[in-house]
Each structure stands twice: as C-alpha cells, then as structure tokens.
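Chemist: Before I ask anything, here is the structure I am working with.
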Amino acid sequence: MRAIGGWIGTGLVVLMAGYAGTAGATAITGAGSSFGAPIYGAWGEDAAKDVGITLNYQTIGSGAGQNQARARTVDFGASDAPMSATALHDARLAQFPTVMGAIVPVINLPGVGDNQLHLTGALLAQVYDGEITSWNDARIAAVNPGLALPDIPVAPVRRADGSGTTFVFTTYLSQSWPQWQAQEGAGTSIQWPVGEGARGNDGIAAAVRNTQGSIGYLEYAYAAGNHMVMAQMRNRHGEDVVADHASFEAAARSAKWADDATRRVDVLDAAGAGAWPIMAATYVLIPTDPTDPAQGRAVRDFFVWAFDRGDETARKLQYVPLPPEVKVGIESFLKQ
C-alpha cells in the first residue's frame, strides 16, 4: 500500500468534457452493495436528467453483487469487499472505488440518546462475541463515566445475508480484539457466535428499533436518514469521536491506496487525528469484455459523469468523495 500516487498519477490524460458513446436515453443495471445504494440511487436520478443514462440498481449485498458481475447478469456489480487481483483476472473484471463512507453502531437503550454512549473496538467485539451480556457491564461503564447505563441484556443484531458492510465491520473487530481475529475472523458472511440476524440495512434498522437493548451496525447515510441513535467511537489516538463529515474527512486524508489492479483503499482505523475508525470505500466491478459493448460504454460514461458532477450529492449523503487525483486516474481508465 502507498499514499496517493502510483497507478493513480501515472499516464494521466486530459478528459473530454462530454460523455461520447452514449446517445439518447440509455438504461443500465447494477446490483450489490447496500453501503453504496444511497449514492448510486441519487446519482442515477441526477444522471437520468443530465445525460439520459437511467440506472436500475438492486440492493442485494456485496457477495451477490460480485456473483452477478461474474455471471454478467448485470452491467456492473458493487461490493464493499474488494476482490483480489487474481479473482479479478479470472473473472475478467475491472474494479474501482467510487466513494468512501462510514459504518456506525446504532443502539436502542432506554434513557440513552444520540452520541451519549461511548464505545471502543474491543467493546464492540466483546459484545458481538457474547463476552459482554449486560449494558451495565463494568467494561462499558469504564468508558462512560456519568452515563446511567440500564441493567438490561445486550441484544446484538447482525446481517444474515452476505454483506460488504459485514466484511468491513468484522475486519475492524478483528483488528480491535485478538480473540475475535482468532475465533471469528472477517468476511462478508461469518459464523456469528451470538445475535439476531437481519437482512439488509432495513432489516438491521427494524430489528434495532423493535428490540430494547439492541445494537446493530449500519452504513451512516442509512442510519442518519432513518434517525437512528448512534454511539461515539474511540479511535486509535484514544479520541472519542462523533460520526460526522469532519471525522470521515479526517480518516480519508490518511487513506492508503494500493498500487495494483485492485485499486483498493485502506482507510479502516486510519491514523489521522479526529478520524472515525470504521471507514471503507465501496467498489464497482465492470466486465473487461462486456457482452454488449454499448452497455459497457454507458456504464463507463455513467461513472465518468458521477466523478465529474456527483461530489455535492455524495457529501449531502455524508459520503466522502475520492480525492481529485484519484478520480482522474480512474476516469482515465474509464475513458479507454
């Protein structure tokens, strides 16, 4: 991994102002990541008005998004769990990030409001492995002095479907708590030791709303848009930070970018002061040999348009746009 540069800044070309290759109204299909669904939906609405490219996007989870991209049943797949260079080569796929965003813990605790509860990565791991079973556990109380914690059971809620959000969340737990790494590990779908399973962001949100004492994890735009109660997180500097654009930007500034075909970015538990610790990018997968070249061109034009004109929309949804020098490198590839 390296800081911004490498493949990003090599062989850049001046991009054309228009979006040649897409004439008239064109419909494209995508499927996968729930983490990226809000921004793809918003970009789709704007692109339809601006350049006549309409998007039908299905939120089916990152694992299914990868599978549909491999099977060529959609024009592009979307995943928060980046594929390896070998897997991309074997599937004849190209991969690139689109935006960065945050995953947040959401809670339903009587008497505890938004950002009043403070948590650490180790505490989250102990909650999700069943070691902490009550909200007034001394380990939670130690990082919440003065907060009246209820004496009720902890009810963890986790994704039941294959999910890139789960991949990011469990990777963070693995980095935060050695026991989690040794016993559960990370993945889009794992063998959870405890907790209720729910499908998609909407399933997690509904389960948390309906279950006193529950805790779940959601993509920030979804949590904020649905007025969920969130917890603060302690980052690697020992700072308790609120999930907001400032803490997301702080994390993004210290992101590290892979110098290979994966175009992967590492922004999890970032080194920047004030950084939100549970951050990741979401990725798009497109075939290098599309069965319909016109559709393949339309997908590329859609994302060129999004990188050129979609930053304001991304910020409104509390995503972090890619740095300009990163976007230029990706656009150069997309214009080929």
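Chemist: So, of the residues in segment 122-167 that are among the polar types (S, T, N, Q) and assigned to a loop (DSSP other than H, G, I, E, B), which turns out to be farthest from the chain's Cα centre (by Cα)?
Modeler: This residue is N136.
Results for (1) part of a strand (DSSP E or B); (2) over 20 Å from Y172 (Cα atoms); (3) in contact (Cβ under 8 Å) with a residue 24 or more places away in the chain, shown as yes or no for each residue.
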| residue | (1), (2), (3) |
| --- | --- |
| F248 | no, no, yes |
| A251 | no, no, yes |
| G272 | no, no, no |
| A281 | yes, no, yes |
| V284 | yes, yes, yes |
| D289 | no, yes, yes |
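Chemist: Continuing with this model, one more query. Kindly check whether there is at least one residue in segment 114-121 that is assigned to a strand (DSSP E or B), out of contact with any Cys (no Cβ under 7 Å at 6 or more places or on another chain) and either at pLDDT below 95 or over 23 Å from G185 (Cα atoms) (or both).
Modeler: yes
Chemist: Which residue out of Q212, Q175, Q179 is free of Cβ contacts under 8 Å to residues at least 60 places away in the same chain and surrounded by fewer than 21 Cβ atoms within 10 Å (Cβ to Cβ)?
Modeler: Q179 is the lone residue from the list that is free of Cβ contacts under 8 Å to residues at least 60 places away in the same chain and surrounded by fewer than 21 Cβ atoms within 10 Å (Cβ to Cβ).
Chemist: Hey, does segment 266-289 have a residue that's surrounded by fewer than 17 Cβ atoms within 10 Å (Cβ to Cβ), farther than 26 Å from F167 by Cα and in the same structural domain as D80 (by TED's automatic domain parsing)?
Modeler: So far as segment 266-289 goes, yes, one or more of its residues are surrounded by fewer than 17 Cβ atoms within 10 Å (Cβ to Cβ), farther than 26 Å from F167 by Cα and in the same structural domain as D80 (by TED's automatic domain parsing).
Chemist: Can you run down the residue pairs with Cβ atoms below 7 Å, 6 or more apart or on separate chains, where the first is in segment 196-207 and assigned by TED's automatic domain parsing to the domain that holds G162 and the partner is crowded, with 16+ Cβ neighbours inside 10 Å and among the polar types (S, T, N, Q)?
Modeler: What qualifies is G200/S34; G200/T59; N201/S34; A207/S214.
Chemist: When residues of segment 88-105 are filtered for being among the hydrophobic types (A, V, I, L, M, F, W, C) and in contact with a Lys or Arg (Cβ under 9 Å, 6 or more places away or on another chain), how many remain?
Modeler: Selection size over segment 88-105: 4.
Chemist: Let me ask another. State whether one or more residues within segment 234-245 are surrounded by fewer than 21 Cβ atoms within 10 Å (Cβ to Cβ), polar (S, T, N, Q) and part of a loop (DSSP other than H, G, I, E, B).
Modeler: Checked segment 234-245: no residue is surrounded by fewer than 21 Cβ atoms within 10 Å (Cβ to Cβ), polar (S, T, N, Q) and part of a loop (DSSP other than H, G, I, E, B).
Chemist: Check off (1) at pLDDT below 95; (2) more than 21 Å from the chain's Cα centre (by Cα) for P287 and give me the number that stays unchecked.
Modeler: (1)
Chemist: Here's something else I'd like to know. Considering only residues that are among the β-branched types (V, I, T) and closer than 18 Å to Y40 by Cβ, look in segment 302-335 and name the one that is surrounded by the fewest Cβ atoms within 10 Å (Cβ to Cβ).
Modeler: Looking at residues that are among the β-branched types (V, I, T) and closer than 18 Å to Y40 by Cβ, I get T313.
Chemist: Please verify whether V299 is β-branched (V, I, T) and crowded, with 24+ Cβ neighbours inside 10 Å, treating the condition exactly as stated.
Modeler: yes
Chemist: Using the structure shown, decide if A224 is modelled with pLDDT under 95 and either part of a loop (DSSP other than H, G, I, E, B) or out of contact with any helix residue (DSSP H, G or I) (no Cβ under 9 Å at 6 or more places or on another chain) (or both).
Modeler: Criteria met by A224.
Here is a yes/no grid of residues against (1) surrounded by 19 or more Cβ atoms within 10 Å (Cβ to Cβ); (2) outside the structural domain of P290 (by TED's automatic domain parsing); (3) more than 23 Å from D240 (Cα to Cα):
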| site | (1), (2), (3) |
| --- | --- |
| S34 | yes, no, yes |
| G41 | no, no, yes |
| I60 | yes, no, yes |
| G63 | yes, no, yes |
| V74 | yes, no, yes |
| G77 | yes, no, yes |
| S84 | no, no, yes |
| P97 | yes, no, yes |
| L119 | yes, yes, no |
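Chemist: Quick one: H245 ticks every box in (1) under 15 Å from the mean Cα position of the chain (by Cα); (2) at pLDDT 95 or above except a single one, so which number is it?
Modeler: Condition not satisfied by H245: (2).
Chemist: Please list, ordered by residue number, the strands (runs of 3 or more DSSP E) wholly in segment 38-110 having 1 or more residues that are modelled with pLDDT of 95 or more and more than 19 Å from P290 (Cα to Cα).
Modeler: Correct list: 53-59, 93-108.
Chemist: Is it the case that T29 is out of contact with any Ser or Thr (no Cβ under 7 Å at 6 or more places or on another chain), in a strand (DSSP E or B) and modelled with pLDDT of 95 or more?
Modeler: Taking the combined requirement at face value, the residue satisfies it.
The values are calculated or read from the model by the stated rules, or taken from the named source; none is laboratory data. Note that the structure is predicted; figures quoted are calculated from it, not measured. Glycine gets a Cβ as well: all are built from the backbone with ideal geometry, and neighbour counts include every protein chain shown.
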